[in-house]
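A short worksheet on the structure shown next.
Throughout, read-outs are computed from the coordinates displayed, never taken from laboratory work. Just so it is clear, the model here is predicted, and its values are computed rather than measured. In this analysis, Cβ positions are derived from the backbone assuming ideal geometry, glycine residues included, and neighbour counts consider all displayed protein chains.
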Amino acid sequence: MRLLRDIYLIGFSGSGKTTLGEALSKRLKVKFYDTDRLVARKVGRSIVEIFDDRGEAYFRNIEKQVIRDVVKKKGAKVVALGGGAFESEETRILLNKNGVVVFLWCSILEIYKRIKYRFDRPLLLSENKDKESNREEKIERITRLLGKRQVNYEKADVRVSTSRKNIRLTLQDIIERVEKCRLSKSS
Ligand code: S3P
């Protein structure tokens, strides 16, 4: 498939946006951008440091600017967005107008498994040191946040499950769905 419109990957932390986005861009021979990396580069700090020093509102503001800039870049591309980016109506309208939005869906337990040893997601960090309550607290946080965001994630053009392990099949799934959607969006 020759990519004619951008592909924007949205979904919760751990849903595979960056891993799949990178693989997809290689397969389609187009550029890949990750908005978290762009935010960190623009501010000169890690995402955790930005949340700690300047707070979430500051992060969201830079995130919106970075998305506006990346959408303007020439040529079709694959973009992985931070898990909360699609909460902004401005961003939803922008992405919807400029490409195909793909919601990468993943089960709560699978998300938990993928992020339990990661400490770079400020909204999912838990204060609990005890292993069992830490697990419960994290799963509860994921459930709450995902429940709040689901309504906007569902506004994507297509939804693809990433719970299955095989990356090659998941990529194929994304490509087929995007192609179908692209045809219906341009007709
Ligand atoms: C966030 C998800 C993170 C990052 C920031 C906020 C969120 O990106 O943008 O920590 O609000 O869910 P990933 O989805 O890549 O983890």
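Evaluate the charge dipole of segment 6-180 about its Cα centre and quote only its size in Debye, nearest 20, assuming +1 on the Cβ of each Lys and Arg and -1 on the Cβ of each Asp and Glu. Kindly include the intermediate steps, with their values, before the conclusion.
Details: 39 positive and 26 negative charges, 140 e Å.
The dipole magnitude comes to about 680 debye.
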* Structure fact -> Using the Kirkwood formula on alpha carbons, the hydrodynamic radius of segment 6-180 in angstrom works out to 16.6 Å
* Where the centroid of each part is defined by its Cα atoms, how far is segment 23-77 from segment 84-109 in Å? -> 14 Å
* Report the label-to-label distance for Leu109 and Arg2 in nanometres (one decimal), using points 7 Å from each Cα along the Cα→Cβ vector. => 4.6 nm
* To do: Calculate how steeply helix 89-98 sits against the longest principal axis of the alpha-carbon atoms of the chain, using the helix alpha-carbon long axis, and give the answer as 0 to 90 degrees to the nearest 10.
  => 30 degrees
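Find how much the distance from Arg135 to Tyr58 grows on full extension, using 0.36 nm per residue of separation minus their present alpha carbon separation; answer in nm with one decimal.
24.8 nm
What's the local net charge at Thr18, with K and R +1, D and E -1, over the other residues with C-beta under 9 Å away? It would help to have the intermediate numbers written out before the result.
Working: positive: Lys17, Arg37; negative: Glu22, Asp34, Asp36.
The answer is -1.
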* Asked: How high is the relative contact order of segment 6-180, in percent, counting Cα pairs under 8 Å that sit 6 or more residues apart?
  -> 33 percent
* Mind listing which trypsin sites (Lys or Arg not before Pro) in segment 13-43 are in a DSSP loop and have 13 or fewer other Cβ atoms within 10 Å? -> Lys29
* Asked: What value, in deg cm²/dmol to 500, does the helix sum -39500 (n - 2.57) over DSSP H runs of n ≥ 4 give at 222 nm once divided by the residues of the chain?
  -> -18500 deg cm²/dmol
